[in-house]
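What follows is a single structure, written as structure tokens, with notes after it.
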Amino acid sequence: MNCNNEFPDIQGINQLESGVLIHKYICVLAMINYGTPKEKLLAKKTLVELEQIVSLHINDAAFHSAIDRFDWRAEEVEIQNAFS
């Protein structure tokens, strides 16, 4: 996948670790969309921390490539805050 002329790239972590980070990101977004008010608050705090970690290791193209490859196209997968 090509995203803004970038190719998927992961730095400083292996593929398993990057997959875990992306899956955690998806779960946090689901909590924001479907969680209780308390879960939504926790998820929003977690999202800020997680975005910083993800952006250090996984470029935008790799993130989108993982979403496409795993067919994560549900509403909770919409990326609104990442990689602005």
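The values are calculated or read from the model by the stated rules, or taken from the named source; none is laboratory data. Predicted model, so just to flag it, every value in this text is computed and none were measured. Note that each Cβ is placed from the backbone with ideal geometry, even for glycine, and that neighbours are counted across all protein chains shown.
Numbers at a glance
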quantity: Inter-residue pairs, beta-carbon under 7 Å, first over 17 Å from Glu6 (Cα atoms) and modelled with pLDDT under 55 and in the stretch 56-84, second part of a helix (DSSP H, G or I) and acidic (Asp, Glu), 6+ apart; calculated: Asn81/Glu51
quantity: Residue, modelled with the lowest pLDDT, within the stretch 5-53, restricted to residues that are touching a Lys or Arg at 6+ places or on another chain (Cβ under 9 Å) and β-branched (Val, Ile, Thr); calculated: Ile32
quantity: Test for Leu47: is it closer than 18 Å to Phe70 by Cβ, within 14 Å of the chain's Cα centre (by Cα) and in contact (Cβ under 8 Å) with a residue 12 or more places away in the chain; calculated: no
quantity: Lone qualifier among Ile26, Ile53, Ile22, Ile58 - being under 13 Å from the mean Cα position of the chain (by Cα), over 16 Å from Ile10 (Cβ atoms) and not small (Gly, Ala, Ser); calculated: Ile26
quantity: Qualifying helices (runs of 4 or more DSSP H) (wholly inside the stretch 1-69; at least 3 residues being in contact with a strand residue (DSSP E or B) (Cβ under 8 Å, 6 or more places away or on another chain)); calculated: 15-34, 60-69
